[in-house]
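So the structure is just underneath, and the comments pick up after that.
The values are calculated or read from the model by the stated rules, or taken from the named source; none is laboratory data. Worth saying up front: this structure is predicted, and the values here are computed from it rather than measured. Counting neighbours? That spans all protein chains shown, and the Cβs are built from the backbone with ideal geometry, glycine included. For the accessible areas, the whole protein counts, side chains as well, though only heavy atoms, and no ligand, DNA or RNA atoms are used. Shrake-Rupley method; radii C 1.70, N 1.55, O 1.52, S 1.80 Å.
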Amino acid sequence: MARDNRLVARRRHTQEAPTGRTVGEVAALAHVTVRTLHHYDEVGLVSPSARSEAGYRLYAPGDLERLQQVLFYRELGFALEDIKALMDARDFDRGQALREQRRLLEEQGDRLRAMLQAVDAAIAAHEGGYAMSEEEMFQVFGDFNPKDHEDEARERWGETDAYRQSAERTSRYRKEDWEAIKAESEAIGLALAQALASGAAPASYAAMAAAERHRQHISRWFYECSPEFHRNLGEMQVADERFAATWEAIRPGLASYVRDAFVANAEAQQ
């Protein structure tokens with residue numbers, strides 16, 4: 001009888017013991033560093049929900065699902081603070097977010113495939129000993145050329161400090177600078193589109209965080225953009241058909257959403 005009681009107690013202890021993966025196991029599984037997982041835990045992005053009897057952190061299946069979704073967002077270029085805001089929103093829907101992530105990754109895949117084709121063409125030209133035309137060399141980077149807008153910008157804002165500051169900075173930019181600006185701008189656009197898709201209000205943390213990233217982007221690359229000036233830029237995103245069309249091409253309804261997020265962010269900083 002005593003032996004039977006010990007067996008029952010052992011089974012009960014085994015059943016009740018916390019289960020999950022250690023931080024080292026998860027790091028190997030997800031192909032990230034232990035330091036990365038510790039940082040995610042420290043900022044409240046992905047925290048292990050259980051501990052072993054020895055006090056070690058254990059990641060449950062739900063924790064791994066959250067980590068997977070965080071890594072999807074990171075692959076898309078989202079900032080950690082934006083990811084946390086999106087995933088901590090009360091109306092966050094994992095299924096809807098996964099579908100939106102798939103759409104965004106598909107768009108990136110199309111661009112990467114085009115980029116690969118361009119690289120292959122450049123390799124073929126180099127190894128074949130012939131020159132590509134200027135159009136062939138740069139068509140993959142899209143049809144945006146900052147020089148195309150100089151005349152209009154000078155006419156509309158040429159007497160402002162913002163224009164003079166922007167003109168002075170951009171005169172030094174090389175092709176790789178413009179590529180960095182474009183990549184950063186696209187990441188901000190995706191963050192705003194995801195906030196809209198999630199149902200977050202323009203005055204939500206997720207939307208305003210993306211709006212603030214946009215304001216800082218302007219200040220870093222072009223001119224010092226105050227919250228009030230950024231508010232005016234928000235109004236322009238709807239008033240100017242070209243700006244509106246750019247946002248609407250990312251996601252229908254995004255132009256007015258961006259305007260409202262810029263306005264909300266400016267008011268929050270007053």
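Filtering Gln117, Gln68, Gln101 for residues that are open to solvent by less than 20 Å² (accessible area, probe 1.4 Å) and either polar (S, T, N, Q) or free of Cβ contacts under 8 Å to residues at least 40 places away in the same chain (or both) leaves a single hit, Gln101. In the condition set (1) within 25 Å of His38 (Cβ to Cβ); (2) at pLDDT 85 or above, Glu53 is compliant with all but (2). Checking the condition modelled with pLDDT under 65 and among the aromatic types (Phe, Trp, Tyr), which residue from Tyr163, Tyr173 passes? Result: Tyr163 is the single residue among Tyr163, Tyr173 that is modelled with pLDDT under 65 and among the aromatic types (Phe, Trp, Tyr).
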